[in-house]
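*Asks:* Quick one: the structure is below, questions incoming.
The values are calculated or read from the model by the stated rules, or taken from the named source; none is laboratory data. Note that the structure is predicted; figures quoted are calculated from it, not measured. For neighbour counting, all protein chains shown are included, and Cβ atoms are generated from backbone atoms with ideal geometry for every residue, glycine included.
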Amino acid sequence: MEDPDEIVEDIPATDVAELGQRMTDFFTTVRQDTDEIYRRLADAHDDRLMMSGQLNLLGRDRRSHARTDRLMESEARASREAWVQSMDASDTTHFEVRALRTTVLAQQTKIEDLLAMAALQSQQRPARDPAHPDVLEEAGSSS
């Protein structure tokens, strides 16, 4: 077996310098590639962390949206119930107003009838004349 020192001695000096340069370039390339791999791994890890955070936010958003949806449904149901109640109250008020109008019209008719009867009775009575008190007495005694 040959001694490694002898092999190096057999290589011309320019070849040794070139070999040294090639080895330096190789180590530099390996170091750059290794650094790039670690950078990509770190970026991938950061990406996974960011995606995990976004997934957690989406989960919370989903629960919030579900709560909001339930609240909106509840509000819509309450609004529909309030609308139905207001329509019932409106209908009731409408019928009460119609009943009051009917009552007022009936009372107005009675008042007009009473006024007509009073006018008729006042026309049928003898005129009161203070100069003839016996007219009143005769009218009172004849009835």
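*Asks:* In the list L71, L115, L49, which residue meets the criterion of being more than 36 Å from the chain's Cα centre (by Cα) and surrounded by 10 or more Cβ atoms within 10 Å (Cβ to Cβ)? Before you say what the answer is, go through the steps one by one.
*Replies:* Numbers: L71 fails: more than 36 Å from the chain's Cα centre (by Cα); L49 fails: more than 36 Å from the chain's Cα centre (by Cα).
Just one listed residue meets the conditions, L115.
*Asks:* Let me ask something else about it. Please find, among A139, A99, the residue that is at pLDDT below 60 and small (G, A, S).
*Replies:* Result of the check over A139, A99: A139.
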